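Accompanying notes for the structure given below.
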Amino acid sequence: MKKILSALSPSGWRSVSRLGIALAVAFLIGLMFGRVALALAITFGIYSFVQLRNVLRVEYWLRHRRVEAPPDISGVWGEVVSIVSRIYRRKQFHRARVTGLLREFRRLTSAMPEGAVLLGPDHEILWFNGRAGEWLRLRRKRDVGIRIENLVRHPAFVDYLKTGHPSEGPVVQDLESDRWLAFNIVRTGTAERQLLMVRDVSQEQQLQSMRKDFVANASHELRSPLTVISGYLDALADDEQLDPAWNSPVLEMRRQAERMRTIIKDLLELSKLESGEHTQEEHAVDMGGMLALLRKEVMALDEHPRNVRLNLESDALLKGVESELHSIASNLITNAVKYTPVEGEIELRWWTDESGAHLSVRDTGMGIAEEHIPRLTERFYRVDPGRARTMGGSGLGLAIVKHALQRHDATLEIKSKEGVGSTFTCHFPRARVIPRSTGVLATG
């Protein structure tokens, strides 16, 4: 009671004072006529009638406040009407503001060059903008509340929703419109809401396809003239009547022709990997035996690191295309040999664990600065272009490794420190690991 009285407003105190004065006057009149109880009862009855009338007026106004003006009431009920009016006006202001923001949001999302789809916890469609509706052929009355994977049934997209891989999102082709669409989920940290962004990358895909076709065709066409040139250079080198002054230029030309042949071979291999066509069957590949043979090849070179160790911690086989797996291991080992000095060392390691199989190539070479690591798998990207050309590298080895690993559902991890060395690790999924006791895997 004390807390209520201390919180009373001035109008509340006036109402309490009026009631007190009315009761005092009624008490005195009752004493004069000897009817105190009757006088107090009449006073309370009149007071209750007035309060009931005010309650009814306020209740009527609350139900019809959109068209009715606030009632003119003094005292506590007048204060109540004033507070409700302020709350109502504030509510109208915020509603108008939210409505304006919502309209502006809809205008902005309609003008977005990308499509946007708001998904619920079970990937059900909660909202989408016009661009997403056009590209994915969505209809609000029909598709809101439906799971997105029931409408976009491409396997790569469905797998992306489940696993979140690849992190940059899949690119799929809409066969009906011949449009290429790139999907990417923006997560807020909770599974309650997810925003699916959709981009039309048809032009980029066409340009990339033209580039791949050009590289493949140009590489194929260059092979024949290069073979002829190499043949004549070989003939000149074997000609005993050749002026000795030409020996050094011819030797350099032969070296450059061989480098060109290597680049063309790598370009053709990369184009085949990028095409995504699986023309070879997968078998159970003995990775340990393959690494042992590659080590022997390294040790047979005229110049190689003094210590090349092979650490086989598992005898498990790996399901895959043998030529592509050989290309992966060979390119990684070749790079390690090129950039490791004679007094350095290289470690080849093959092991398996609960997450799958792993192949690593560690060297104590020149190392790579951190800013270069994200771009190492780009074609023709070199950390030290001058040194790479001197060593005869094509700049395509790691690009080939990247695409070959993708065809085997694997990833490449690169760790390096400048001046210390580098470690390239290939991580293969558990589904591709075959225990040796199981025997040879059936092809297919």
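The values are calculated or read from the model by the stated rules, or taken from the named source; none is laboratory data. Please read these numbers as outputs of a predicted model, since none were measured by experiment. Don't worry about glycine lacking a Cβ; one is built from the backbone with ideal geometry, like all the others, and counts go over all protein chains shown.
So if I check each of ALA182, ALA216, which one is buried (at least 16 other Cβ atoms within 10 Å of the Cβ), at pLDDT 85 or above and of a type in the set (Gly, Ala, Ser)?
On the way: ALA216 fails: at pLDDT 85 or above.
Testing whether each residue is buried (at least 16 other Cβ atoms within 10 Å of the Cβ), at pLDDT 85 or above and of a type in the set (Gly, Ala, Ser) leaves just ALA182.
Could we say that GLU176 is within 27 Å of GLN203 (Cα to Cα) and in the same structural domain as LEU196 (by TED's automatic domain parsing) here?
Criteria met by GLU176.
Hey, could you check the range 412-433 for residues that are polar (S, T, N, Q) and at pLDDT 90 or above and say which is farthest from LEU317 (Cα to Cα)?
Going through the qualifying residues, I end up with SER422.
Scanning the range 393-415 for residues that are crowded, with 20+ Cβ neighbours inside 10 Å and small (Gly, Ala, Ser), which turns out nearest to the chain's Cα centre (by Cα)?
ALA410
Return yes or no: is ASP239 touching a residue at least 12 places away in the same chain (Cβ under 8 Å) and not assigned by TED's automatic domain parsing to the domain that holds GLU378?
No.
Given the criterion hydrophobic (A, V, I, L, M, F, W, C), in contact with a strand residue (DSSP E or B) (Cβ under 9 Å, 6 or more places away or on another chain) and not in a helix (DSSP H, G or I), identify the matching residue among LEU291, LEU348, LEU332.
LEU348
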